[in-house]
Amino acid sequence: MARPLSLQARSLAAAGIALAAFLGLAFFALDQAFFDAALSSQRERLQGYLHAYLAGADTNRAGNLIPPEIGPDPRFDRPQSGLYASIVGDHVRNATDRQWRSPSAIGLELPFDTELGTGVSEFNGPVHTAHGDLFVLSQGVAWSVANRPELNLTVHIAEDGASLQTQVTVFRHTLLAWLGGLGVLLLLLLLGVLRWSMAPLRKVAADLARVERGAEDRLGERYPSELSGLAANLNTFIDSERDRLKRYRNTLADLAHSLKTPIAVMRTQLESEVDQKELRWTVLEQIGRMDEIVAYQLSRAATSGRQTFAAPLPLEPFAEEIVRSLEKVYADKQVLCEFDIDAEARFRGDQGDLMELLGNVLENAFKWARRSVLLTAKPLKASDGQRGGIELIVEDDGPGIPDDRVELMLQRGVRGDERVQGHGIGLSIVQDIVKAYNGSLKVSRSTTLGGARFELRLRGA
């Protein structure tokens, strides 16, 4: 497959097409305007010659028109010069078949046969003749002299169109050269502007390449406003992935380190001379300990943390799934769980994190509740430079947690009551997830149900 064009090439090609269309239309418009102006000038020049001939003409005693002996331009007196004159009508002196011609037009087949009424004027051209293309101006004139009959005449002035065509050709060549040069100059200028405009994008790509090579930890911050948001999101994504990798490595290291002690204890017991009963209880104790360690470390490793590009997840379907499972586990207590979930509340993160978070908090509420549990969720608006997020509140009607035992209860391995089954790491996992989402966890007494109240605020989730 062909490689897609770069943004710079696409912009340059689009601008080149638009510029070519604009310059083409400009060339056509200017060429037509110049031709019209040249044609108007041609007519005005022929009109001047016509008036000059009429001004130089006279009549004799017999009432015949006497054309001027010398034309207003020397070319009228030079045969086949390209500038011709003719007067058509009765009573024209030295006329042949009622038509007088200038010396330049004698013996030539020219379109001078038309007779027009008084005051009528016609301008035609280019008229194709055997002597080249001509522009012809014809005008009907009534020549009136006191005490003499009026003479109805038609004056024709014609000029070779080669001079006008030469002017138009020279103008077109000049215009084409200037517009072509201007187009090339504008394309070069546009190329420079595009390279300057695309420089921030190239800088982003270069900075990403340096991050991939490990030369930089994150993207810089000196970008235009249009790219600053993109750079910030990429930095957040890079930090999130780096934290995730670091968390996995730390979890594996912690797991390996934590398992050394129970393994060493069991090895020591196996190598020593102890009775079977003591060995059995030691092994069972250490296996239970290992089970707690593995459960905790795996749960912590599964914490994905805030994801910049994660799709928003609705809360109610997942909460209902968890509650249905808990109602089966604690069926003998017949706990009623109610929801107060805002329709706009969404969790932006990993589905596993959401399930782990809701599962641990709701399980803790079901475990200690007498009859009622309440789950409240509402969105958090962005303010003071902080991103928006979500607020989760889980309340129960159980005995609650004394203020002096809150910090202790959130520690790993500590249970509210040793007689209640569990590993004592559920709330610790909740804390790890909350920290991974730049959130906060507050434990207090519920004013609604009277038991424990867990308030979780997750920014960017």
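The values are calculated or read from the model by the stated rules, or taken from the named source; none is laboratory data. Bear in mind the structure is a predicted one, so any value in this text is a computation, not a measurement. Note that we place each Cβ from the backbone using ideal geometry, even for glycine, and neighbour counts take in every protein chain shown.
Here is how the numbers come out for the structure above:
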| item | result |
| --- | --- |
| Matching strands (runs of 3 or more DSSP E) fully within region 349-461 where at least 1 residues are more than 22 Å from VAL329 (Cα to Cα) and at pLDDT below 80 | 452-459 |
| Residue in region 260-272 that is within 24 Å of GLY288 (Cα to Cα), in a helix (DSSP H, G or I), of a type in the set (Asp, Glu) and without any contact (Cβ under 8 Å) to a residue 40 or more places away in the chain present | yes |
| Set GLY181, GLY220: member being within 38 Å of the chain's Cα centre (by Cα) and either part of a helix (DSSP H, G or I) or surrounded by fewer than 11 Cβ atoms within 10 Å (Cβ to Cβ) (or both) | GLY181 |
| Residue that is modelled with the highest pLDDT, among those in region 6-35 that are among the polar types (S, T, N, Q) and part of a helix (DSSP H, G or I) | GLN32 |
| When residues of region 228-261 are limited to those that are at pLDDT 75 or above and small (Gly, Ala, Ser), the one nearest to ALA436 (Cα to Cα) | SER240 |
| Selected residue [of a type in the set (A, V, I, L, M, F, W, C) and within 25 Å of GLY349 (Cβ to Cβ)] from LEU208, LEU227, LEU279, LEU259 | LEU208 |
| Residues of region 435-452 satisfying the condition of being farther than 20 Å from LEU354 by Cβ and charged (D, E, K, R) | ARG445 |
| Hits in region 44-65 - residues which are over 14 Å from PRO103 (Cβ atoms) and surrounded by 15 or more Cβ atoms within 10 Å (Cβ to Cβ) | ARG45, LEU46, GLN47, TYR49, LEU50, ALA52, LEU54, ALA57, THR59, GLY63, ASN64, LEU65 |
| Complete set of residues in region 198-209 that are surrounded by fewer than 15 Cβ atoms within 10 Å (Cβ to Cβ) and either more than 16 Å from GLN8 (Cβ to Cβ) or among the basic types (Lys, Arg) (or both) | ARG202, ALA209 |
| Any hit, region 54-62, residues being part of a helix (DSSP H, G or I) and in contact with a Gly (Cβ under 7 Å, 6 or more places away or on another chain) | no |
| Within region 148-178, considering residues that are closer than 30 Å to ARG61 by Cβ and of a type in the set (D, E, K, R), the one surrounded by the fewest Cβ atoms within 10 Å (Cβ to Cβ) | GLU150 |
| Residues (outside any strand (DSSP E or B) and modelled with pLDDT of 80 or more) located in region 295-317 | LEU315, GLU316, PRO317 |
| Flag for ALA29 being surrounded by 11 or more Cβ atoms within 10 Å (Cβ to Cβ), within 28 Å of TRP178 (Cβ to Cβ) and out of contact with any helix residue (DSSP H, G or I) (no Cβ under 7 Å at 6 or more places or on another chain) | no |
| One residue from SER104, SER81 being surrounded by 17 or more Cβ atoms within 10 Å (Cβ to Cβ), of a type in the set (Gly, Ala, Ser) and in contact with a strand residue (DSSP E or B) (Cβ under 8 Å, 6 or more places away or on another chain) | SER104 |
| Qualifying residue in region 63-84 (condition: assigned to a strand (DSSP E or B) and closer than 20 Å to ASP133 by Cα) | yes |
| Residue identified as more than 22 Å from LEU7 (Cα to Cα) and either of a type in the set (A, V, I, L, M) or in contact with a strand residue (DSSP E or B) (Cβ under 9 Å, 6 or more places away or on another chain) (or both) among VAL204, VAL193, VAL211, VAL184 | VAL211 |
| Test result for PRO126, touching a residue at least 60 places away in the same chain (Cβ under 8 Å), assigned by TED's automatic domain parsing to the domain that holds ALA26 and of a type outside the set (A, V, I, L, M) | no |
